[in-house]
1. Please find, within region 91-105, the residue that is surrounded by the most Cβ atoms within 10 Å (Cβ to Cβ) out of those that are in contact with a Leu (Cβ under 9 Å, 6 or more places away or on another chain) and at negative phi.
2. Would you call ALA18 free of Cβ contacts under 8 Å to residues at least 24 places away in the same chain, surrounded by 11 or more Cβ atoms within 10 Å (Cβ to Cβ) and hydrophobic (A, V, I, L, M, F, W, C)?
3. Test each condition in (1) over 14 Å from the mean Cα position of the chain (by Cα); (2) buried (at least 16 other Cβ atoms within 10 Å of the Cβ); (3) not in a helix (DSSP H, G or I) for ALA54 and report the one that comes out false.
4. Exactly one of (1) assigned by TED's automatic domain parsing to the domain that holds SER96; (2) modelled with pLDDT under 85 is unmet by PRO40. Its number?
5. State which residue pairs qualify: first residue among the small types (Gly, Ala, Ser) and at pLDDT 85 or above and inside region 69-88, second residue assigned to a helix (DSSP H, G or I) and surrounded by 16 or more Cβ atoms within 10 Å (Cβ to Cβ) in any location, beta carbons under 6 Å apart, and separation of 6 or more residues or different chains.
6. Quick one: is MET42 surrounded by 11 or more Cβ atoms within 10 Å (Cβ to Cβ), out of contact with any Pro (no Cβ under 7 Å at 6 or more places or on another chain) and assigned to a helix (DSSP H, G or I)?
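The values are calculated or read from the model by the stated rules, or taken from the named source; none is laboratory data. Computed from a prediction, not measured in an experiment: that's the story for all the values here. We place every Cβ from the backbone using ideal geometry, glycine too, and count neighbours over all the protein chains shown.
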Amino acid sequence: MPSIISAISNIPRSACIATLCALGSLVYFGSRHALPKPRPAMLYNYDAVSRLMADVPSLMEVERKGGRLRLWFAEQPRKQSSSIFQVVLGPRDRPSIVIIDFERR
């Protein structure tokens, strides 16, 4: 009975390279497809769009430090200089639009 190593060594090198390239391309394009897509012409957290879990890591960090999520939401308009912004709470989720009135905070 042949071992797995001898079976793998009999596969042509070009087939191994082609398989690795196809697998790498699949992982790359699959992860790009899963990234959040904000609505155009509205402000959003630029760091969140480049992460698979979007705004969730920053929300979890606030919660881990003992902060309140309400304060995170209140801080976002100051960061983005707008009372309307987008929050994405997971991969492939639609963005939620948040409107905060500066005068009533």
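1. For region 91-105, the residue satisfying everything is PRO95.
2. yes
3. Condition (1) is where ALA54 drops out.
4. Looking at each condition in turn, PRO40 falls short on (2).
5. As it stands, the answer is SER83/PRO77, since those pairs meet every condition given.
6. no
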